Amino acid sequence: MTALPPNGPDEPAPPAGLSDRDRAVLAVERQSWAGPGAKERAIREQLGMSPTRYYQLLNALLDDRRALEADPVTVNRLRRVREARRGRR
């Protein structure tokens with residue numbers, strides 16, 4: 001006998017939430033930073049990754065519906081910033 005999905009046979013399973021790492025990346029973006037290098041230092045110390053990898057993950061999160069659902073204010077602000085930068089190129 002096959003078990004049915006929790007939502008029923010015709011409904012898709014709910015999407016998995018964001019990982020702890022993804023939530024931590026968004027939390028870093030919610031903070032304000034005092035001076036040059038403070039954010040990069042925090043990325044290395046708090047998340048254990050390079051700033052380059054951090055920005056790669058952040059950019060991918062901006063296109064993830066789950067991130068938008070989890071933190072719409074931060075994600076929409078960062079999307080606007082990204083689009084403005086693309087428009088200047």
task = Search the range 79-89 for residues being in a helix (DSSP H, G or I) and among the charged types (D, E, K, R), and hand back the single one that is least open to solvent (accessible area, probe 1.4 Å).
result = 82
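Hey, can you tell me all the residues within the range 25-60 that are among the hydroxyl-bearing types (Ser, Thr, Tyr), loosely packed, with under 12 Cβ neighbours inside 10 Å and assigned to a loop (DSSP other than H, G, I, E, B)? Give the steps one after another, and end with the answer.
Here is the first cut: in the range 25-60, the ones among the hydroxyl-bearing types (Ser, Thr, Tyr) are 32, 50, 52, 54-55.
With the extra rule that they be loosely packed, with under 12 Cβ neighbours inside 10 Å, the set shrinks to 32, 52.
Scanning the range 25-60 gives a single hit, 32.
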inquiry  = Can you pull out every residue in the range 66-78 that is of a type outside the set (D, E, K, R) and either touching a residue at least 60 places away in the same chain (Cβ under 8 Å) or buried (at least 17 other Cβ atoms within 10 Å of the Cβ) (or both)?
reply    = 67, 74, 75, 78
key: When residues of the range 50-89 are limited to those that are basic (Lys, Arg) and under 10 Å from the mean Cα position of the chain (by Cα), the one farthest from residue 21 (Cα to Cα)   = 65
request  = Spot the failing condition for residue 22; the list is (1) open to solvent by 30 Å² or more (accessible area, probe 1.4 Å); (2) under 14 Å from residue 67 (Cβ atoms), and only one is missed.
outcome  = (1)
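In this structure, is residue 63 among the charged types (D, E, K, R), open to solvent by less than 50 Å² (accessible area, probe 1.4 Å) and at pLDDT 90 or above?
On the way: among the charged types (D, E, K, R): yes; open to solvent by less than 50 Å² (accessible area, probe 1.4 Å): no; at pLDDT 90 or above: yes.
No, not satisfied.
The values are calculated or read from the model by the stated rules, or taken from the named source; none is laboratory data. Bear in mind that the values here come from a model prediction, so they are computed numbers and not experimental data. Using ideal geometry, Cβ is built from the backbone for each residue, glycine included, and neighbour counts are taken over all protein chains shown. For the accessible areas, the whole protein counts, side chains as well, though only heavy atoms, and no ligand, DNA or RNA atoms are used. Shrake-Rupley method; radii C 1.70, N 1.55, O 1.52, S 1.80 Å.
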